Amino acid sequence: MNDTRRFGDVAVGDELPALSRTVTREDVKAYADASGDQNPLHQDDDFARSVGFPGIIAHGMLTMAHLESCVVRWLGDPSGLLRMRVGFRAAVLVGDVIVAGGRVRELDPVTRTAVLHLWVRLDRDGVTEHAIRRGEATVRLA
Amino acid sequence: MNRALEGKVYPAIGFTVSSGQVDRFSLVVGDDGSFVPPIFVTAAEVAATAQVLADPDLGLDFARVIHSEQEYEWRRPIAVGDELAAAPRIASIRSKGGHEFLTIETEMRDASGEPVVLARNVLIVRARV
């Protein structure tokens with residue numbers, strides 16, 4: 001990891017570098033094994049179809065973990081992540097390209113913390129959807 | 001779901017942060033493995049909340065469950081070797097528009113009893129169609 005990003009180098013409105021990845025079936029299986037979440041919704045196409053999806057969907061938590069990685073890369077130090085909250089919207093399907101991003105919303109010079117506004121977007125058939133919208137994190141800067 | 005279970009606290013589940021599992025998790029997430037991703041605590045949360053989802057008194061129809069919201073508050077960084085005790089509690093059960101909302105809060109403490117993480121997980125049980 002790099003050094004922690006310095007409070008004086010950050011301004012309200014700064015954008016975090018976008019972080020994108022393609023979600024594969026192998027990724028979803030690997031996440032199930034690494035996290036212990038073996039819900040069939042993420043492994044069994046027939047089950048997923050029976051509850052209204054076109055096939056298996058990625059764990060919401062895999063999408064949140066991708067967003068967390070985006071935040072920690074920008075922050076430079078994982079110990080500076082104090083709080084993170086997300087709401088899940090569009091389901092992420094196998095083959096989707098998810099793009100995590102964020103923007104600095106508030107800065108507190110007393111605690112040297114920042115509040116980030118966060119999202120994960122995906123393009124499907126030319127339409128931009130949100131897998132996560134109105135996400136939020138509080139981070140401690142150096 | 002059985003609203004009478006609001007406030008129910010479940011036994012703490014022991015969870016050891018192992019380098020092998022952290023490595024597998026980091027690989028999936030795309031991190032370089034030089035640190036424990038803060039969000040690795042999901043693994044402990046999954047282990048602890050399984051007993052809530054499977055509680056026959058709760059009456060959760062798992063086939064209709066989707067994840068709605070998730071929040072973590074970290075009190076300190078996670079390290080390999082941490083022995084966590086993760087105790088889930090049913091914070092609320094609500095109904096709205098035919099859907100039901102289950103909020104589970106999981107408090108994780110270390111071996112000396114100090115708080116490490118608070119996880120808050122909101123599940124939607126979708127209306128029958």
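Observations on the structure shown:
- Candidates are the residues of segment B:2-33 that are within 11 Å of chain A (Cβ to nearest Cβ) and polar (S, T, N, Q); the one that is farthest from the chain's Cα centre (by Cα) is B:SER26.
- Restricted to segment A:3-38, and to residues there that are within 8 Å of chain B (Cβ to nearest Cβ) and without any contact (Cβ under 8 Å) to a residue 12 or more places away in the chain, the residue that is most open to solvent (accessible area, probe 1.4 Å) is A:ASP33.
- Of all the numbered requirements in (1) of a type outside the set (Val, Ile, Thr); (2) over 17 Å from the mean Cα position of the chain (by Cα); (3) within 14 Å of another protein chain (Cβ to nearest Cβ); (4) open to solvent by 30 Å² or more (accessible area, probe 1.4 Å), B:GLU73 misses one, and that requirement is (2).
- The residues of segment B:46-68 that are out of contact with any Lys or Arg (no Cβ under 7 Å at 6 or more places or on another chain) and within 9 Å of chain A (Cβ to nearest Cβ), listed by number, are B:VAL46, B:ALA47, B:ALA50, B:PHE62, B:ALA63, B:VAL65, B:HIS67, B:SER68.
- Annotation for segment B:47-56: no member residue is touching a Ser or Thr at 6+ places or on another chain (Cβ under 9 Å) and surrounded by fewer than 16 Cβ atoms within 10 Å (Cβ to Cβ).
- Hey, A:ARG49 assigned to a loop (DSSP other than H, G, I, E, B) and basic (Lys, Arg) or not: no
- Taken over segment A:59-83, the criterion of being open to solvent by 10 Å² or more (accessible area, probe 1.4 Å) and either in contact with a Ser or Thr (Cβ under 9 Å, 6 or more places away or on another chain) or at the interface with another protein chain (Cβ under 7 Å from one of its Cβ atoms) (or both) is satisfied by A:GLY60, A:MET61, A:ASP77, A:PRO78, A:SER79, A:LEU82, A:ARG83.
The values are calculated or read from the model by the stated rules, or taken from the named source; none is laboratory data. What you see is a predicted model; the values in this text were computed from it and never measured. Methodologically, a virtual Cβ is constructed for each residue, glycine included, from the backbone with ideal geometry; neighbour enumeration extends over all protein chains shown. Areas reflect the complete protein model, heavy atoms only, side chains present, ligands, DNA and RNA absent. Shrake-Rupley method; radii C 1.70, N 1.55, O 1.52, S 1.80 Å.
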